[in-house]
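The values are calculated or read from the model by the stated rules, or taken from the named source; none is laboratory data. Since the structure is predicted, the reported quantities are computational estimates derived from the model, not experimental observations. Every residue, glycine as well, gets a Cβ built from its backbone with ideal geometry; the counts of neighbours run over all protein chains shown.
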Amino acid sequence: MKQSHYDTIIIGAGPGGLSAAFDLSQQQSVLIIENDLWGGTCPNRGCDPKKMLYSAVETKQRQESLSGFGLTGNTTINWPELMAFKSSYTDSVPANTLAGLSGSNITTVYGSAKFISETEISINDAVYSADNFIIATGQSPVIPNITGQQFLKTSTEFLSLKSLPEKMVFIGAGYVSIELANIAAAAGAEVHIIQHNNQILREFPTIYTNRLIDNLKNGGIHFHFDTTVTEVRKINSGYLLLGDNELDLTVDLAISALGRHPNVDTLNLPVAGVEVNSHGIVVDDHLTTSNEHIYTVGDVISRKQPKLTPVSTFEGHYVSNQLLGQSTHAISYPPIPVTVYASPQLSQVGISLEQAQRDPEHYEVRTQDTTKWYTFNRIKEPEAYVTTIFNKSTHLLVGAVAYTTIAEELINYLTPLIANKTPKSAVDQLIFAYPTPASDLDYYL
């Protein structure tokens, strides 16, 4: 007889759901459900494939920086070959994920789950019950409610483009827009970004985002600030975008990059007694919903922490420890580094620059132009800046911002110093390989 009751049922097989599933499978019967691609957004059509495309951009721009300093010639990006490289990884993700689940004796079901009571779900005309549930359904791209919205595509379609359109536009100026626009421009497309105000990447300091805007403009990206798209028309030559501020733009591809919304609409959560708001599922400090037997992890949570893959994984492990009785404490997030993979990269972690500047009594801010430092001059970095933020009473590092082509590496060195409250005296006792970005750490503290 087919099993219909499980210790834990997990809805969503992305990083958060998978981390919980593998942990729980050691001691529990686990069913995991997925209605799209096994493995979730990140490895299939998100951060992983994006960064594979970005690898070509990094290499091309590194060569351009060293042109005249020992390198000659021009490198161009072959889009079909680059996409084939991306597909060589992504095509196997769903099957590999399923194989891993099967190998761990985790039951899998493909389809859309819907709660029919506080302890039961319906899927594919079958009913399953569980002692506990974990919702890990993630988010989906937002499409604006405007005339012609059916003509807009999203990052999903961009990351599957077989050929590169000559001219494209991104609506919005957040992470997705900036990163994908940068890739497309470096690959040779004419790229436009339309933003309703005059800012990009609102979570980052304006002093750095303004620098990034200038660099992206130099890279060929056209910005249309203080502009809102009101209509998209299909025409013979592509798509016509109309809006305020005299917007009249014809492109081959229009991408909506206006953020993401939580995937909750089909779950029938009111029947399960689960509270939801416009930002996602409401949870307490143990990631428990208003139904004490239903937990939530990942981007579908209504929370202030960045919606990132490692955060989802962290939450998955946390909930599994709760369910296995290995921990009872409230969740406590470590410092979470965030990186925008643009040209250059922009990273930050810990106390924000804005927060520090608002409270000069408690925080000291140091900004250094590191362009001429050996680490950056060696690769002919056009400009590089690093801001470090210190607690005035303890003199400990509590925040950082890095604006450089190696920002992701640098921020990962600084993050554990913040998390572990490492004083400069302790860093002075370490010996790093030299000359490397790590060997510069002492100069940032």
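Each residue in region 14-36 was checked for being acidic (Asp, Glu), under 14 Å from LEU98 (Cα atoms) and surrounded by fewer than 24 Cβ atoms within 10 Å (Cβ to Cβ), and 1 of them qualify. Of the helices (runs of 4 or more DSSP H) that lie entirely inside region 37-118, not one contains 1 or more residues that are in contact with a Leu (Cβ under 6 Å, 6 or more places away or on another chain) and loosely packed, with under 14 Cβ neighbours inside 10 Å. The single condition among (1) more than 16 Å from the chain's Cα centre (by Cα); (2) in contact (Cβ under 8 Å) with a residue 12 or more places away in the chain; (3) not in a strand (DSSP E or B) that LEU242 does not meet is (3). Condition check: at pLDDT 95 or above, outside the structural domain of TYR89 (by TED's automatic domain parsing) and touching a Gly at 6+ places or on another chain (Cβ under 6 Å). Does ALA185 satisfy that? For ALA185, the condition - at pLDDT 95 or above, outside the structural domain of TYR89 (by TED's automatic domain parsing) and touching a Gly at 6+ places or on another chain (Cβ under 6 Å) - is met. Examine region 283-290 for a residue that is surrounded by fewer than 20 Cβ atoms within 10 Å (Cβ to Cβ), in the same structural domain as ASN44 (by TED's automatic domain parsing) and assigned to a strand (DSSP E or B), and state whether such a residue exists. Yes, the conditions are met somewhere in region 283-290.
Say we look at region 146-158 and pick out the residues that are under 24 Å from the mean Cα position of the chain (by Cα) and not hydroxyl-bearing (Ser, Thr, Tyr); which of these is farthest from GLY14 (Cα to Cα)?
LEU152
Checked against (1) assigned by TED's automatic domain parsing to the domain that holds GLY46; (2) assigned to a loop (DSSP other than H, G, I, E, B); (3) more than 23 Å from GLY40 (Cβ to Cβ), ASP131 meets all criteria but (2). Do we find that TYR434 is closer than 30 Å to GLY220 by Cα and not assigned by TED's automatic domain parsing to the domain that holds ALA186 in this structure? For TYR434, the condition - closer than 30 Å to GLY220 by Cα and not assigned by TED's automatic domain parsing to the domain that holds ALA186 - is not met.
Considering only region 337-413, give the strands (runs of 3 or more DSSP E) lying wholly within it that have at least 3 residues that are surrounded by fewer than 21 Cβ atoms within 10 Å (Cβ to Cβ). Fully inside region 337-413 and qualifying: 363-369, 385-391. When the residues of region 429-445 are filtered to those that are more than 29 Å from the chain's Cα centre (by Cα) and over 17 Å from THR388 (Cα atoms), the one that is surrounded by the most Cβ atoms within 10 Å (Cβ to Cβ) is PHE432.
Does region 217-231 include one or more residues that are part of a loop (DSSP other than H, G, I, E, B) and either within 22 Å of the chain's Cα centre (by Cα) or hydrophobic (A, V, I, L, M, F, W, C) (or both)? Yes, region 217-231 contains at least one residue that is part of a loop (DSSP other than H, G, I, E, B) and either within 22 Å of the chain's Cα centre (by Cα) or hydrophobic (A, V, I, L, M, F, W, C) (or both).
Residue check: ALA186 meets all listed conditions (1) touching a residue at least 24 places away in the same chain (Cβ under 8 Å); (2) touching a strand residue (DSSP E or B) at 6+ places or on another chain (Cβ under 9 Å) but one, namely (2).
Output the residue which, of all residues in region 159-180 that are crowded, with 22+ Cβ neighbours inside 10 Å and more than 15 Å from the chain's Cα centre (by Cα), is farthest from ALA257 (Cα to Cα).
Per the stated criteria, the residue is MET168.
Looking only at region 286-296, residues that are in contact with a His (Cβ under 9 Å, 6 or more places away or on another chain) and not hydroxyl-bearing (Ser, Thr, Tyr) come to 1 in all. A search for C-beta distances below 7 Å between a residue of region 200-214 that is outside the structural domain of THR387 (by TED's automatic domain parsing) and any residue that is among the acidic types (Asp, Glu), counting only pairs 6+ apart in sequence or on different chains, returns PRO205/GLU354.
Selection over region 249-282 of residues that are of a type in the set (A, V, I, L, M, F, W, C) and in a loop (DSSP other than H, G, I, E, B) gives a count of 6. Scanning region 256-295 for residues that are of a type in the set (A, V, I, L, M) and more than 19 Å from GLN139 (Cα to Cα) turns up VAL271, ALA272.
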